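Q: Right, I'll just put the structure down here and ask away after.
The values are calculated or read from the model by the stated rules, or taken from the named source; none is laboratory data. Every value quoted in this text rests on a predicted model; they were computed, and no experiment measured them. Ideal geometry is used to build each Cβ from the backbone, glycine not excepted, and the neighbour counts take in all protein chains shown.
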Amino acid sequence: MPLRWLKSAPSLDTAPERLTFLEIPMPATALQPVPPATKPSSSIIVRDGEPDRILAAASARATRDALGYAGSVTPHEAWELAESGAAILIDVRTAEEYKYVGHVPGTPLVQWQSGAALTKNPRFTRELAGKAGKNDAILLICRSGKRSAAAAEAATRAGFTRVFNVLEGFEGEITADGQRGATGGWRFHGLPWQQD
């Protein structure tokens, strides 16, 4: 398919004589949706269920996977729980990730680790207690679900009884070509997020 230079775009209201565009033909296959990734740890799936059923499925995952915390939820389940008020969603990434990569609107930040060296936050459980009670259903989200799992274990050891990890995290796993967000994560699933 040949490339074509255009001198102006009729839909723009700004001085089109100063704008130049390159029209790049795209094959129809480039617009096909990417199928969601499947993860063995999320094979117990509840779609559009009540909060109690979602939390029961999350607890079943904890039993099946021998997790050191209450359970794990998919991004869609986390959104449903947070939106219904059945759980508190808390971001445990670094302040830089939260600000520059994006975050779920209204979600508080309690850093599990901080800075480029990812230094563990010694006040994590104290700061978490400032955002949620020890018996509240708490959903922790990080970049890919690994740091939030470690944070969930630490919170459970500190006496929080209902801490859940959000599978896939905000950006999902890194691909073989070194990119995130192509196979999973909060943003990949089209859930609400914003960037500062």
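Q: What number of residues within the stretch 119-136 are over 13 Å from L89 (Cα atoms) and aliphatic (A, V, I, L, M)?
A: Selection size over the stretch 119-136: 1.
Q: While we're on this one: Taking L140 as the residue in question, decide whether it is of a type outside the set (S, T, N, Q) and under 15 Å from the mean Cα position of the chain (by Cα).
A: Criteria met by L140.
Q: Scan the stretch 141-171 for residues that are under 14 Å from W112 (Cα atoms), of a type in the set (K, R) and crowded, with 21+ Cβ neighbours inside 10 Å and jot them down.
A: Listed by number, the residues that qualify are R143, R147.
Q: Would you point out the residue of the stretch 49-95, among those that are of a type in the set (V, I, T) and within 18 Å of the chain's Cα centre (by Cα), that is farthest from G115 (Cα to Cα)?
A: I54
Q: So, one more: Quick one: in the stretch 86-117, which of the residues that are exposed (fewer than 12 other Cβ atoms within 10 Å of the Cβ) and in contact (Cβ under 8 Å) with a residue 24 or more places away in the chain is nearest to G159 (Cα to Cα)?
A: My answer is P105.
Q: Against the definition (free of Cβ contacts under 8 Å to residues at least 24 places away in the same chain and crowded, with 19+ Cβ neighbours inside 10 Å), how does R61 come out, yes or no?
A: Against the criterion (free of Cβ contacts under 8 Å to residues at least 24 places away in the same chain and crowded, with 19+ Cβ neighbours inside 10 Å), R61 qualifies.
Q: Determine if the stretch 166-188 includes at least one residue that is within 15 Å of S72 (Cβ to Cβ) and polar (S, T, N, Q).
A: No, there is no match, as no residue in the stretch 166-188 is within 15 Å of S72 (Cβ to Cβ) and polar (S, T, N, Q).
Q: Here are some conditions: (1) in contact with a Leu (Cβ under 7 Å, 6 or more places away or on another chain); (2) not in a loop (DSSP other than H, G, I, E, B). T107 meets all but one. Which one does it not meet?
A: (2)
Q: Modelled with pLDDT under 95 and of a type in the set (G, A, S): which single residue out of A58, A28 fits that description?
A: A28
Q: Restricting to the stretch 122-148, what's the tally of residues that are among the basic types (K, R) and within 18 Å of A78 (Cα to Cα)?
A: 4
Q: Then there is this: Out of curiosity, is G159 part of a loop (DSSP other than H, G, I, E, B) and in contact with a Lys or Arg (Cβ under 7 Å, 6 or more places away or on another chain)?
A: Criteria met by G159.
Q: The conditions are (1) buried (at least 19 other Cβ atoms within 10 Å of the Cβ); (2) free of Cβ contacts under 8 Å to residues at least 60 places away in the same chain; (3) of a type in the set (V, I, T), and I174 fails exactly one of them. Which is it?
A: With respect to (1) buried (at least 19 other Cβ atoms within 10 Å of the Cβ); (2) free of Cβ contacts under 8 Å to residues at least 60 places away in the same chain; (3) of a type in the set (V, I, T), I174 is out only on (1).
Q: Residues being under 9 Å from the mean Cα position of the chain (by Cα), surrounded by fewer than 24 Cβ atoms within 10 Å (Cβ to Cβ) and not hydrophobic (A, V, I, L, M, F, W, C): count how many of those fall in the stretch 177-188.
A: Of the residues in that region, 1 qualify.
Q: Here is a follow-up. When you go through A117, A151, A132, A86 one by one, which is the residue that is among the small types (G, A, S) and in a helix (DSSP H, G or I)?
A: A151
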